[in-house]
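Scroll down for the structure; my scribbles are underneath it.
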Amino acid sequence: MLKKNLLSIAVVTAAVSLAACNDTETVTEPVEPEATTEVMTEPMVDAEPMVDAEPMADTDMANAEVIANQNITELAAGNEDLSTLVAALQAADLDQTLASDGQFTVFAPTNDAFAKLLETLGITQDELLADKELLTSVLTYHVVPDAVVKAADIPYGTDITTVNGKAFMISDANVITAANGGTANIAATDIMATNGVVHVIDAVLLPE
C-alpha cells in the first residue's frame, strides 16, 4: 500500500514538473530578415561633348573705315559738319566731279575750318561762295587726283600734287603744310566712298 502511494506521488510529481517545463518554454517564431531594398541606378549617359563656338570674325573699324555705299559728294552731303564744303563745291560746280566714277582722295575741311578761313580773309560766307575763281582754286587744292591714298599709304615728308597743280606735304604727325605755310591737322581718316577716300581736316588749305 505504501509503495503504491509512493508511486502515485512520484507520477504526480513528474507530471507537475513536466507541466512546469512546458509553461516556461518560450517558442519563438523565426523572424524573417528585413528585406533590403536595392536601389538600381541607371548607368550615366555620357553627355555630348561641348562644341566650341566659332570665333567671331574681327571687324576692322580702325580710322573710321566703313563699307562704301556713297560717292564723295553724297558722303559729304550726309555729314552736317561738312555742309559748308558741300555749299562751296556746288557754288564752284565741282560737286558733280566728285560724284563721278573717278578715283579721288579728298582732304575735307570742316565747317569750323571754313569759319576760321572767313575770319582770316575778312569776308562773309556769301562773299566766299560768290567768288567762283577763288573757290575753285582753294577746293581743287584739297583733292588728289587718280589715287586713293589711305592713311597707311600717305607718303610722309613728300610733296603731294593736287588737282590745283600745286603740292602740299604731310608730316608723320598727320599735320599738313600748305604751299603758303599754313597748316592743318588731319582729324579723321579713311572715310571710304565708292569713288575714293575722304580725310577730314581742321583748317582750309591755301595754295598761295
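Looking at LEU118, is it surrounded by fewer than 20 Cβ atoms within 10 Å (Cβ to Cβ), touching a helix residue (DSSP H, G or I) at 6+ places or on another chain (Cβ under 8 Å) and not in a loop (DSSP other than H, G, I, E, B)?
Numbers: surrounded by fewer than 20 Cβ atoms within 10 Å (Cβ to Cβ): yes; touching a helix residue (DSSP H, G or I) at 6+ places or on another chain (Cβ under 8 Å): yes; not in a loop (DSSP other than H, G, I, E, B): yes.
Yes, satisfied.
Failed condition for SER171, given (1) in contact with a Gly (Cβ under 8 Å, 6 or more places away or on another chain); (2) within 24 Å of ASP95 (Cβ to Cβ), with all others met?
Of the numbered conditions (1) in contact with a Gly (Cβ under 8 Å, 6 or more places away or on another chain); (2) within 24 Å of ASP95 (Cβ to Cβ), the odd one out for SER171 is (2).
What is the residue count in region 173-208 for residues that are surrounded by 22 or more Cβ atoms within 10 Å (Cβ to Cβ), β-branched (Val, Ile, Thr) and assigned to a loop (DSSP other than H, G, I, E, B)?
1
Tell me which residues, restricted to region 161-172, are closer than 16 Å to ALA203 by Cβ and either within 29 Å of the chain's Cα centre (by Cα) or outside any loop (DSSP other than H, G, I, E, B) (or both).
If the condition is that a residue be closer than 16 Å to ALA203 by Cβ and either within 29 Å of the chain's Cα centre (by Cα) or outside any loop (DSSP other than H, G, I, E, B) (or both), then PHE168, MET169, ILE170 are the ones that fit.
Quick one: is ILE170 surrounded by 14 or more Cβ atoms within 10 Å (Cβ to Cβ) and more than 17 Å from LEU85 (Cα to Cα)?
Details: surrounded by 14 or more Cβ atoms within 10 Å (Cβ to Cβ): yes; more than 17 Å from LEU85 (Cα to Cα): yes.
Yes, satisfied.
Among the residues of region 133-144, are any farther than 27 Å from THR189 by Cα and either in a helix (DSSP H, G or I) or open to solvent by 20 Å² or more (accessible area, probe 1.4 Å) (or both)?
Filtering region 133-144 down to residues farther than 27 Å from THR189 by Cα leaves 133.
From the residues that got through so far, the ones that are either in a helix (DSSP H, G or I) or open to solvent by 20 Å² or more (accessible area, probe 1.4 Å) (or both) too are 133.
Yes, region 133-144 has at least one match.
Look through ASP93, ASP81, ASP46, ASP60 and report the one residue that is modelled with pLDDT of 95 or more and exposed (fewer than 12 other Cβ atoms within 10 Å of the Cβ).
Values: ASP81 fails: exposed (fewer than 12 other Cβ atoms within 10 Å of the Cβ); ASP46 fails: modelled with pLDDT of 95 or more; ASP60 fails: modelled with pLDDT of 95 or more.
Of the residues listed, the single one that is modelled with pLDDT of 95 or more and exposed (fewer than 12 other Cβ atoms within 10 Å of the Cβ) is ASP93.
Quick one: what pairs do we get from region 141-155, first residue on the phi < 0 side of the Ramachandran plot, second charged (D, E, K, R) and assigned to a loop (DSSP other than H, G, I, E, B), C-beta under 7 Å, 6+ apart or different chains?
These pairs meet every condition: TYR141/LYS166.
Can you tell me which of ALA88, ALA147, ALA113, ALA152 is of a type in the set (Gly, Ala, Ser), assigned to a helix (DSSP H, G or I) and surrounded by fewer than 17 Cβ atoms within 10 Å (Cβ to Cβ)? Spell out how you get there, then give the answer.
Values: ALA88 fails: surrounded by fewer than 17 Cβ atoms within 10 Å (Cβ to Cβ); ALA147 fails: assigned to a helix (DSSP H, G or I); ALA113 fails: surrounded by fewer than 17 Cβ atoms within 10 Å (Cβ to Cβ).
Answer to the selection: ALA152.
In region 155-167, what count of residues is obtained for those that are open to solvent by less than 60 Å² (accessible area, probe 1.4 Å) and among the hydroxyl-bearing types (Ser, Thr, Tyr)? So that I can check it myself, show each step before the final result.
Start the filter on region 155-167 by keeping residues that are open to solvent by less than 60 Å² (accessible area, probe 1.4 Å), which leaves 155, 157, 160, 162, 164-165, 167.
Next, only the ones that are among the hydroxyl-bearing types (Ser, Thr, Tyr) stay: 162.
Final tally of qualifying residues: 1.
The values are calculated or read from the model by the stated rules, or taken from the named source; none is laboratory data. Values in this document were obtained by computation on a predicted structure and should not be read as measured data. Virtual Cβ from ideal backbone geometry, glycine too; neighbours counted across all protein chains shown. We work out accessible area using only protein heavy atoms, side chains counted, and drop any ligands, DNA or RNA first. Shrake-Rupley method; radii C 1.70, N 1.55, O 1.52, S 1.80 Å.
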